[in-house]
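> My questions all concern the structure below.
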Amino acid sequence: MNAAQDTILRLEGLKMHFPVTSGIFFQRVQGWIKAVDGVSLTIRRGETLGLVGESGCGKTTLGRCVLRLYKPTEGRVEYDGQDITDLGNRDLRPFRRRMQVIFQDPYASLNPRMTAGRIIGEPLAIHKTVADREEQRRRVLELAEIVSFHPSMLDRFPHEFSSGQRQRIGIARALALNPEFIVADEPVSALDVSIQAQIINLLMELQQQMGLTYLFIAHDLSVVRHISNRVAVMYLGHVVELADSDVIYSDPAHPYTQALLSAVPVPDPAVEATREPIILPGETPSPLNPPSGCVFHPRCPMAEDRCSRETPEFREVRPNHWAACLLTPGYDQAPPVKP
């Protein structure tokens, strides 16, 4: 299988800018919130790409653009070789069955007036993939078994379940149409640690059984390391580093990635005592008025004068390792090749 056949999703120069308006009757655009600002990357069929970064960096917005829940301001979203950036709702309908989402809050994403069985079966009814109610019921029972959800609880309502059980309902709903690609938007951040492990293991088992591809969005670096094949690090609307999971954690190239990893606790007390966390000064700039040049330069401990003037391109600084930092070794020699 060549590289083109192996790619299920390709993003090129993706931007999502939200207008900031003023006035009641005659609203005027005062500025733009640059939630996603020029992201290019690919996701390979059957892999899990972890997308990490602090709150407000644009991770969820990127995931929603991928699913076309948002229409991008600029750029290109290509799914399985077809550009879906400008497709209307009718033309998007076949792709909706192939791409699904698992939401962050397992309670807010479930209709409180519907039973678990109806929630899981709703996609089947909307897309008319079952002949009758009896077939729909059989499919719902099958999905419940897949996610280890007891069939006796299908007639209960969301408020009667724990957060882990609600997330299993959400996962079963996402699997109802046999998708190929799933955006998991911080699916374990609202769960207890013990339940997080169960859900992560379930997602990994489902990937093996069904050949799924994940875009796994999270801010917990230890969770991302456990489940991801590759990791993309996002800061203020930009992907600043992308590499295999082991490489990101053992030899990060971007100063922001290094700072993130320095804050992750190490279970070995002897090792933890020798580590020095990288403390970043100030706060994350507003996406309404991002800095010139490198967006990270106001907080970067390595920044030079040119970092405020030159916008770094995303370059392959090492084999299969991309970074957007002017000071990364090998950056000046690396051509700007899209990952």
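> Antiparallel versus total DSSP beta bridges in region 176-332: what percent is that, nearest 5?
Numbers: 11 of 16 bridges.
The answer is about 70 percent antiparallel.
> Give, rounded to the nearest 20 debye, the magnitude of the charge dipole that region 117-269 has about its Cα centre when Lys and Arg contribute +1 at Cβ and Asp and Glu contribute -1 at Cβ. List each step's numbers first, then the result.
Working: 12 positive and 19 negative charges, 111 e Å.
That gives a dipole near 540 debye.
> When you have a sec, figure out the Kirkwood radius of region 201-274 from all distinct Cα pair distances and drop it here in Å to one decimal? Mind showing how you got there, number by number?
Values: mean 1/r = 0.0728 Å⁻¹.
One decimal place: 13.7 Å for the Kirkwood radius.
> Sticking with this structure for a sec: Would you calculate the separation in nanometres between label points at Leu69 and Glu54, each defined as 7 Å from the Cα along the Cα-to-beta-carbon direction?
Placing both labels 7 Å beyond Cα along the Cβ direction yields 2.4 nm.
> Still on this structure, I have one more. By how many nm would the segment from Thr21 to Asn111 grow when fully extended, if each residue of separation counts as 0.36 nm and the alpha-carbon distance is taken off? Walk me through the numbers on the way to the answer.
On the way: separation 90, 0.36 × 90 = 32.40 nm, distance 3.18 nm.
Taking Thr21 through Asn111 to full extension adds about 29.2 nm, to one decimal.
> What does DSSP give for the chain in terms of the percent of beta bridges that are antiparallel, rounded to the nearest 5? Please report the intermediate quantities before stating the final value.
Working: 31 of 49 bridges.
Among the beta bridges of the chain, antiparallel pairing accounts for roughly 65 percent.
> For region 1-78, what D do you get in µm² per second when you plug the Kirkwood radius from alpha-carbon pairs into Stokes-Einstein at 20 °C and 1.002 mPa s?
Values: Rh = 14.1 Å.
Answer from the Stokes-Einstein relation: 152 µm²/s.
> Which whole-angstrom value gives the distance between the alpha carbon centres of region 252-325 and region 159-186?
Their Cα centres are 33 Å away from one another.
> Considering Cα pairs under 8 angstrom that are at least six residues apart, work out the relative contact order of region 60-146 and quote it in whole percent.
Values: 39 pairs, mean separation 13.5, N = 87.
Value for region 60-146: 16 percent.
> Can you give the log10 of the normalised intensity I(q)/I(0) at q = 0.09, 0.10, 0.16 Å⁻¹, computed with Debye over equal Cα scatterers of region 137-277?
Per q value, in the given order, log10 I(q)/I(0) is -0.36, -0.43, -0.92.
> Then there is this: What does the convex hull of the alpha-carbon atoms of region 1-157 project to on average, in nm²? Intermediate values should be presented prior to the final figure.
Values: hull surface 52.7 nm².
Dividing the Cα hull surface by four gives the mean projection, 13.2 nm².
> Looking at the P(r) of region 188-235, how many percent of alpha-carbon pairs lie beyond 15 Å? Display every interim value, and only then the final one.
Values: 513 of 1128 pairs.
That tail contains 45 percent of the Cα-Cα pairs.
> Trypsin sites (Lys or Arg not before Pro) within region 232-339: which are DSSP loop residues with at most 16 other Cβ atoms inside 10 Å? If you can, show how the numbers build up before the last one.
Numbers: sites: Arg275, Arg299, Arg306, Arg309, Arg315; in loops: Arg275, Arg299, Arg309.
Counting only loop positions with at most 16 other Cβ atoms within 10 Å, the trypsin sites (Lys or Arg not before Pro) in region 232-339 are Arg275, Arg309.
> With labels modelled as points extended 7 Å from the Cα through the Cβ direction, what inter-label distance (nm, one decimal) is found for Gln209 paired with Arg139?
Each label point is offset 7 Å from its Cα along the Cβ direction, giving 1.7 nm.
> Calculated FRET efficiency, Met302 and Arg275, Cβ-Cβ r, R0 30 Å, to nearest 0.05?
Here the calculated transfer efficiency is 0.95.
> Run the helix sum for the chain: -39,500 (n - 2.57) per DSSP H stretch of 4+ residues, divided by residue count, reported at 222 nm to the nearest 500 deg cm²/dmol. Don't skip to the answer; put the middle values down first.
Working: 11 runs with 105 residues, N = 339.
The helix-only estimate for the chain comes to -9000 deg cm²/dmol at 222 nm.
> At 4 °C and a viscosity of 1.567 mPa s, what translational diffusion coefficient does Stokes-Einstein give for the chain, taking Rh as the Kirkwood radius over Cα pairs? Give it in µm²/s as a whole number.
Translational diffusion coefficient: 60 µm²/s.
> Give me the extension gain from Ser162 to Gln333: residue separation times 0.36 nm, minus the current Cα-Cα distance, reported in nm with one decimal. The partial results should precede the final answer.
Details: separation 171, 0.36 × 171 = 61.56 nm, distance 5.32 nm.
Here the answer is 56.2 nm.
> What's log10 of I(q)/I(0) for region 261-301 at q = 0.26 Å⁻¹, Debye sum over Cα points only, no solvent?
Result of the Debye calculation: -0.88.
> Let me ask something else about it. Please order Met302, Met153, Met234 by the number of other Cβ within 10 Å, starting at the fewest. Display every interim value, and only then the final one.
Values: Met302 13, Met153 16, Met234 22.
Arranged by neighbour count, lowest to highest, Met302, Met153, Met234 become Met302, Met153, Met234.
> Mind listing the Cα extents of region 130-203 along all three principal axes, in Å, largest one first?
40, 30, 17
> Give the dimensionless ratio obtained when the Cα radius of gyration of region 270-339 is divided by 2.2 N^0.38 Å. Could you put the intermediate results ahead of the total?
Values: Rg = 14.6 Å, N = 70, 2.2 N^0.38 = 11.1 Å.
In units of the 2.2 N^0.38 Å rule of thumb, it is 1.32.
> Over region 168-234, calculate the relative contact order: mean separation of alpha carbon pairs under 8 Å at least 6 apart, over the residue count, as a percent. Don't jump to the answer; show the numbers that get you there.
Numbers: 44 pairs, mean separation 25.6, N = 67.
Computed over region 168-234, the figure is 38 percent.
> Quick one: longest stretch of the chain between exposed loop chymotrypsin sites (Phe, Trp or Tyr not before Pro), exposed meaning at most 10 other C-beta atoms within 10 Å and loop per DSSP?
Details: sites that count: Phe25, Phe26.
Value returned for the longest uninterrupted segment is 27-339.
> How big is Rg to Rh over region 97-144, alpha-carbon atoms, Rh as the Kirkwood inverse-mean-distance radius?
Values: Rg = 11.4 Å, Rh = 11.7 Å.
Ratio of gyration radius to Kirkwood radius: 0.97.
> If you place +1 on the Cβ of every Lys and Arg, -1 on the Cβ of every Asp and Glu, and leave all else neutral, what size is the dipole of the chain about its Cα centre, to the nearest 20 Debye? Please list the in-between numbers first.
Values: 36 positive and 40 negative charges, 262 e Å.
Charge dipole, the chain, about its Cα centre: 1260 debye, nearest 20.
> Do you know the relative contact order of the chain, to the nearest whole percent, from alpha carbon pairs under 8 angstrom that are 6+ apart? Walk me through the intermediate numbers first.
Details: 614 pairs, mean separation 63.2, N = 339.
After rounding, I find 19 percent.
Rule-based calculations on the coordinates, nothing more; no lab input. Note that the structure is a prediction, hence the values are computed from the model and not measured. Using ideal geometry, Cβ is built from the backbone for each residue, glycine included, and neighbour counts are taken over all protein chains shown.
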